[in-house]
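**Student:** I'd like to ask some things about the structure below.
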Amino acid sequence: MRRIGHTLHRRRAVLAALLLIPLLFGSLGSFGGAATVRADPLSDAVKAQKALEARIAAQRQQIQALQASEARLQSVLADTATQLKGINADQAKLQAKIATAQRVLTDVRAQYAALVTQVGDLDAALAALDSKIAASQQQLADQRATLARHIADAYMVQQTTLLEQLLTARSLADVLADVGYYLSIGHQDARLAAQIQQDEQSLEALQGATAVTRAQTQQARLAMYQQKQEVTNQRNALLAAQKQLAALEARTRAAQAAQLAAFKKLKLTKAQAAAQLAAEQKALEQLAALIARLVAEQQGIPSQYNGTLIWPMPGIVSQEFGCTGFIAEPPLGNCAHFHTGIDIVAPEYTPIRAAGDGTVVFVGPNPYDPPYARAWIVIIAHSQNLLTWYAHVDAYAHPPAVTKGEFVHQGQVIAYEGNTGNSTGPHLHWAVELNGTFVNPRLFL
């Protein structure tokens, strides 16, 4: 009876030890060589994690590219807004800038849409990876159970006091090292134990990497929300710029229409109009020759001008410098109608200011215009080769505020907007003459 009781006690102890085996495998020490790569759920999960990391890295680069595009768009929009708020905006350049902004915005929105899709794909990939990790955990549990059964079978054969060894050994690896004597666990079980150890380490590393990837995916999602707001803000800014430019263009068209209507009121025949334009061109050339003599005679005018010019008056630019479709302008070169300056429309009698420091070389009506249509002009010499012309200034309610030979400073009031000469309505014709040739004033601003 004592022997039967002793045997029963021993078997209960062994059973308790066997129940501890799956728990002890988690701390299994180094045992056996490295296992070969196997086509199993864990290997698939590791490959999927590496692929996911590569996609995350690629997405970060795409987010950076999107941010660079947004920065470029922001720069264009800021420059456009500045020009719209500035004096006498160049509408042609604004149209080009807004067209550029529209193209960049279209590209930005396409990049954003692609990234949104990719974030969704990453979520799906993470879900698939979670499934692979779960399968790997199940496979590892099955392997532990298999090894536990083999050890139990070996015990039943050898009747080894396993519990004593488990309780006294430093690790399960020490127990397995003596398996030939105690358990007769074979080489196959030794490899299985080593594989379990390696898989546990791999699974732990995989779970850590997956947690990092999940956090990076969430960061990408948050970044996308921020980019969405930025894209929305930039779209609104572009729409506002387009609205402002449309309003400016409408005012310009109205000013041009008023000027054209005033010209048509003259009811000139084609031949009469051509003759009038020729006469105006001749009068301009004669006045230019006179001004060249006056500059040469004037004392104290520097040989060079150091500095830039400013706008002489705020308003709407009704005509830019160069070839124009406005029939009231004379021909020049290959242009049927050429405008030698910039026309600025503002409320009548708006103050006109000197574009730069200089000496007034002419004030008064053009002596070469017909007596009934003489335009009043102020001309300032900034240097021997740089002059600015201010034509159609008022001569009656607000006559010019300067006299010939007077030195003026940049920004000083020199005259007031008028409607003298063959003018199509109150405006300032501002021209810049360089080395005897009229050039685009915008080049000097």
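The values are calculated or read from the model by the stated rules, or taken from the named source; none is laboratory data. Predicted, not measured: the structure shown is a model, and the values here were computed from it. Virtual Cβ from ideal backbone geometry, glycine too; neighbours counted across all protein chains shown.
**Student:** Name the pairs whose Cβ atoms lie under 9 Å apart, with the first residue in segment 328-350 and in contact (Cβ under 8 Å) with a residue 40 or more places away in the chain and over 17 Å from H427 (Cβ atoms), the second among the acidic types (D, E) and surrounded by fewer than 22 Cβ atoms within 10 Å (Cβ to Cβ), and 6 or more positions between them or separate chains?
**Tutor:** P330/E280
**Student:** Restricting to segment 64-90, and then to whatever is at negative phi and either charged (D, E, K, R) or not in a helix (DSSP H, G or I) (or both), can you tell me which residue is surrounded by the fewest Cβ atoms within 10 Å (Cβ to Cβ)?
**Tutor:** Initial filter on segment 64-90 (at negative phi): 64-87, 89-90.
Then drop every residue that is not either charged (D, E, K, R) or not in a helix (DSSP H, G or I) (or both), which leaves 70, 72, 79, 85-87, 89-90.
Details: E70: 20, R72: 15, D79: 15, K85: 9, G86: 12, I87: 14, A89: 19, D90: 16.
Ranking the candidates gives K85 first.
**Student:** Taking the stated definitions as given, is D369 assigned to a loop (DSSP other than H, G, I, E, B) and crowded, with 16+ Cβ neighbours inside 10 Å? Reasoning before the result, please.
**Tutor:** On the way: assigned to a loop (DSSP other than H, G, I, E, B): yes; crowded, with 16+ Cβ neighbours inside 10 Å: yes.
So D369 fits the description; yes.
**Student:** Same structure again: Are there any pairs with C-beta distances below 6 angstrom linking a residue in segment 382-409 that is free of Cβ contacts under 8 Å to residues at least 40 places away in the same chain to a residue that is polar (S, T, N, Q), with the two at least 6 apart or on different chains, and if so which?
**Tutor:** From residues that are free of Cβ contacts under 8 Å to residues at least 40 places away in the same chain, the pairs are H392/T420; H392/S423; A395/T420.
**Student:** Determine whether L122 is modelled with pLDDT under 80 and within 27 Å of V46 (Cβ to Cβ).
**Tutor:** Values: modelled with pLDDT under 80: yes; within 27 Å of V46 (Cβ to Cβ): yes.
When the stated conditions are applied, L122 passes them.
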